[in-house]
1. Enumerate the helices (runs of 4 or more DSSP H) found wholly within the range A:96-203, keeping only those where 2 or more residues are more than 8 Å from chain B (Cβ to nearest Cβ), over 18 Å from B:Asp136 (Cβ atoms) and touching a helix residue (DSSP H, G or I) at 6+ places or on another chain (Cβ under 6 Å).
2. Anything in the range A:109-126 that is open to solvent by 20 Å² or more (accessible area, probe 1.4 Å) and in contact with a Ser or Thr (Cβ under 9 Å, 6 or more places away or on another chain)? List them, or say none.
3. For A:Ile4, are the conditions met, namely being more than 22 Å from B:Lys169 (Cα to Cα), surrounded by 22 or more Cβ atoms within 10 Å (Cβ to Cβ) and of a type in the set (Val, Ile, Thr)?
4. Go through (1) more than 14 Å from chain B (Cβ to nearest Cβ); (2) open to solvent by 10 Å² or more (accessible area, probe 1.4 Å); (3) in contact (Cβ under 8 Å) with a residue 40 or more places away in the chain one by one and return the number of the condition A:Ile84 breaks.
5. Name every residue in the range A:10-23 that is open to solvent by 10 Å² or more (accessible area, probe 1.4 Å) and more than 8 Å from every other protein chain (Cβ to nearest Cβ), in order of residue number.
6. Among the residues that make up the range A:90-103, is at least one of them free of Cβ contacts under 8 Å to residues at least 40 places away in the same chain, under 22 Å from B:Gly144 (Cα atoms) and polar (S, T, N, Q)?
7. Could you list, in sequence order, all residues of the range B:167-178 that are open to solvent by less than 50 Å² (accessible area, probe 1.4 Å) and either farther than 16 Å from B:Glu220 by Cβ or touching a residue at least 40 places away in the same chain (Cβ under 8 Å) (or both)?
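The values are calculated or read from the model by the stated rules, or taken from the named source; none is laboratory data. All values derive from a computational prediction rather than experimental measurement. Methodologically, a virtual Cβ is constructed for each residue, glycine included, from the backbone with ideal geometry; neighbour enumeration extends over all protein chains shown. Each accessible area value is taken on the protein alone, full model and side chains, heavy atoms only, with ligands, DNA and RNA left out. Shrake-Rupley method; radii C 1.70, N 1.55, O 1.52, S 1.80 Å.
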Number of protein chains: 2
Amino acid sequence: MNCIIASTSTVYGSDYLEYLQAPLKELFRDAQQILFIPFARPGGITHEVYTQKAREGLAFLNKEVVGLHQTENYKEAIKNAKAIFTGGGNTFVLVNQLYKNDLLHVLHNRIKDDVAYLGTSAGSNICGKTMHTTNDMPIVYPPGFETLGILDFNINPHYLDPDPTSKHKGETRQTRIEEFHTYNQTAVVGLREGSWLQVSKNNIILKGDLSARIFRTSQEPYEMEPGASLKNLR
Amino acid sequence: MNCIIASTSTVYGSDYLEYLQAPLKELFRDAQQILFIPFARPGGITHEVYTQKAREGLAFLNKEVVGLHQTENYKEAIKNAKAIFTGGGNTFVLVNQLYKNDLLHVLHNRIKDDVAYLGTSAGSNICGKTMHTTNDMPIVYPPGFETLGILDFNINPHYLDPDPTSKHKGETRQTRIEEFHTYNQTAVVGLREGSWLQVSKNNIILKGDLSARIFRTSQEPYEMEPGASLKNLR
């Protein structure tokens, strides 16, 4: 495996994908073309507009970026791709499209094999066992919540620490993830904006400047520092 | 109909249900007993613990509070209730239990008839046409997202205005609701904490000190002031 699984596409004060330029040069080094999966449609934008945004964000690589929606046969396009990027947006919308086009299995196999894969936000969420720990609004009803299972745990992207000054009574992110553990055993990685997981054949390393918050049913939540391995987390 | 559909059970700096004491005295005036639906399990607490919390929050009324989980036949208990309170928590968990016990129809009929109904947060969400606009994490997979349809629109409880100082790149609430409108026509009421809808046979009135934010597919989001009627919103 050869993946970057990132909390967000964009960090505060910088452009789309800018903070990931160095690792993306390495990730996509051997690919001539990058297949972009635009199904998550952030803000409801079209597949075409979203693919153009990805194309501009990846322009520093000087590679061709092709939207999956432009291809004649989605399964074949994924099977033949050397590099794939699934962009963020709404995880329910993304997963719904992957189910309806029967793409979960083929995408899983390509990532488990040798494709260079970039996921951001919703595109990272789907690398976990399920999408039960997305932050997104359930604006469509997908056929299931099981996702790619590239990782043996779940991702919570855009992880946010509780704001001690808040007067809002809605649940904190930590409370939500702890509620998840009332019904599920799967470990959850709260991945803060600016963090990513570097997945290779033999390891999963936390990258970026920030620690990640780890939630397991058997113990109190704890922090994991950059450079640490998550390969045994489940 | 005779309902209070509230954004939250608790506002900052006050106790559980305290800010609703005056309208609840009126709502539950004629009931000897209140049937509490504890299925949303906030923080994963048990039905028993949650019912005790509701009992304590409603103690000022001097009525008996019975948890639905304590009754032998859920459908009969709802059919025979004169007053029902559905507490907040996780909307996916609540809706899942309502589907699995086949209670949506009987609850809908009792509310449309003459039961005095209180909903807070998740218990208000289910009064809309669907749960597509919940803020909750999808920690379980319910058989569907259709809900009671007591209202001709959807509720977004705990509505939060964007924080202009935030460095977080996750979606704002408004962005999420606008994404919902890419796939759905249903109007959405962003109900701020401290606001509630007073539903009677002939009207739906916004109550509390704050305005509500209204989202429709056909126009820009706008504010509706306390005292305004939402009976024609759809």
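1. A:104-112
2. none
3. no
4. Condition (2) is where A:Ile84 drops out.
5. Selection gives A:Ser14, A:Asp15, A:Tyr16, A:Glu18, A:Tyr19, A:Gln21, A:Ala22, A:Pro23.
6. yes
7. Once the filter is applied, which keeps residues that are open to solvent by less than 50 Å² (accessible area, probe 1.4 Å) and either farther than 16 Å from B:Glu220 by Cβ or touching a residue at least 40 places away in the same chain (Cβ under 8 Å) (or both), the range B:167-178 yields B:Gly170, B:Glu171, B:Gln174, B:Arg176, B:Ile177.
Matching residues to (1) within 14 Å of another protein chain (Cβ to nearest Cβ); (2) at pLDDT below 95; (3) more than 23 Å from B:Gln174 (Cα to Cα); (4) surrounded by 21 or more Cβ atoms within 10 Å (Cβ to Cβ):
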residue	(1), (2), (3), (4)
A:Ala31	no, no, yes, no
A:Ile34	no, no, yes, yes
A:Ile37	no, no, yes, yes
A:Ala40	yes, no, no, yes
A:Val49	yes, no, no, no
A:Arg55	no, no, yes, no
A:Asn62	no, no, yes, no
A:Val65	no, no, yes, no
A:Thr71	no, no, yes, no
